[in-house]
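Accompanying notes for the structure given below.
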Amino acid sequence: MHGTTKGEDLFEQVVLAMNKFELPFEKLSGLATDGAPAMLGPQKGLTVLVKKEMSRLRLDPSDLVVCHCIIHQESLCAHSLKLHSVMTTVVSTINFIKSRGLNSRQFKELLSDLESEYGDLVYHCEVRWLSRADMLARFYNLREEVKQFMEIKGKPVVELSDDKWLCDLAFMVDITKHLSELNLKLQGPNQLLSSLLSNVKSFEAKLKLWQFQLEQGNIVHFPTLQEQKPAMTAEYAGECAKLLQAFEERFQDMKSKQNELKIFAVPFNVEPSDIPDNLQHEIIELQSNDELKAKYNNLPLLEFYKLYVRSEDFPILRRHALKFASLFGTTYCCEQFFSKGLLQRLDSSQD
């Protein structure tokens, strides 16, 4: 796109693309957004304009599933962690070392002289959540070398001699590692919305476990924190509680679709009386077919629907499956496309 990127501009481009590829609005099942005002503005956001167009075409706009990219949501949840002093000290120290060429070279020489396991620190990038986990882990592992270097430079980092601050740093290393592992599970193409939501729910269950265990002084799932032997862990239980609350609030809209997603993802496990009336008979017929159940247990979900849930036998269930199979829970594909485009431009400029 060139020029402005307001909701109206986005809508115009969406309509042009749909017309170009002959995609009718009847086929539109969902929108994955980054949460920006141009996407979700109450008056002229893309989502509102798409729903207005659906109403104009006499389609039901309530059928459109709108979700804020799950990866973005997870990153926003992580901002609920309140140990700002840790990040402030770590980032400022790394910037002092890395942003000055002489300092950076001298620090690498020091690491070489000390035969350190690592050759350098990792920069922090606010946009890339994974960089935070890598940066904190590397900083923690090089804390003694960093302390020595900063003292040589006349810029001592007093926090590196503070036992409580080191415990906070160790906790941040562990919790950001857990968040990064979730982040990796949410990335990649061909991710079904049902799988993404399952990963989020699994992480919430882990947060509840960690909160309970930390309240009891159990730090079994926080190996870096174990090294520091903290006297008290209740504060870290509170951090897990804040993180859990952020997840529950941010994924509330997504979870409102979990019953429909369950019908799609585990059709043999739903109770017919608990699902919409128009699906009840077809689900009973499906669950009563042992041959289909065996196929379901031995095939990838989409292959099962493609090969064995035929329109002539299960017309409503198949439409339901097509809708939820087509939903994007993240903007990963768009971001991957933009990254490839940027790399191509960089390659071209270097030729």
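A few remarks follow.
- Residue in segment 244-256 that is over 24 Å from the mean Cα position of the chain (by Cα) and either more than 24 Å from residue 77 (Cα to Cα) or not in a helix (DSSP H, G or I) (or both) present: no
- Subset of segment 150-187 that is of a type in the set (Ser, Thr, Tyr) and touching a residue at least 40 places away in the same chain (Cβ under 8 Å) - its residue that is surrounded by the most Cβ atoms within 10 Å (Cβ to Cβ): 176
- Restricting attention to segment 263-301, the residues being in a helix (DSSP H, G or I) and in contact (Cβ under 8 Å) with a residue 24 or more places away in the chain number 12.
- Just one of the listed residues (44, 51, 82) is of a type in the set (D, E, K, R) and either under 30 Å from residue 173 (Cβ atoms) or out of contact with any helix residue (DSSP H, G or I) (no Cβ under 8 Å at 6 or more places or on another chain) (or both), and it is 82.
- Some residue of segment 12-23 being among the small types (Gly, Ala, Ser), surrounded by 15 or more Cβ atoms within 10 Å (Cβ to Cβ) and in the same structural domain as residue 2 (by TED's automatic domain parsing): no
- Selection of segment 113-170 for residues being in a helix (DSSP H, G or I), at pLDDT below 70 and of a type in the set (D, E, K, R) yields only 113.
- Pairs where the first residue, in segment 189-203, is in the same structural domain as residue 328 (by TED's automatic domain parsing) and of a type in the set (A, V, I, L, M) and the second is at pLDDT 90 or above and surrounded by 21 or more Cβ atoms within 10 Å (Cβ to Cβ), C-beta under 7 Å, 6+ apart: none
- Subset of segment 192-228 (residues that are at pLDDT 95 or above and outside any helix (DSSP H, G or I)): 216, 217, 218, 219, 220, 221, 222
- Test: residue in segment 28-38 that is touching a His at 6+ places or on another chain (Cβ under 8 Å), β-branched (Val, Ile, Thr) and more than 30 Å from residue 158 (Cβ to Cβ): yes
- Criterion: at pLDDT below 95 and of a type in the set (Asp, Glu) - qualifying residue of 271, 249: 249
To keep it simple, each residue is scored yes or no on (1) assigned by TED's automatic domain parsing to the domain that holds residue 219; (2) modelled with pLDDT under 95; (3) among the charged types (D, E, K, R).
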{"site": "237", "(1), (2), (3)": "yes, no, no"}
{"site": "282", "(1), (2), (3)": "no, no, yes"}
{"site": "294", "(1), (2), (3)": "no, no, no"}
{"site": "299", "(1), (2), (3)": "no, no, no"}
{"site": "304", "(1), (2), (3)": "no, no, no"}
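The values are calculated or read from the model by the stated rules, or taken from the named source; none is laboratory data. Keep in mind it's a predicted model, so treat the numbers as computed, not measured. All Cβ positions, glycine included, derive from the backbone under ideal geometry; neighbour counts span all protein chains shown.
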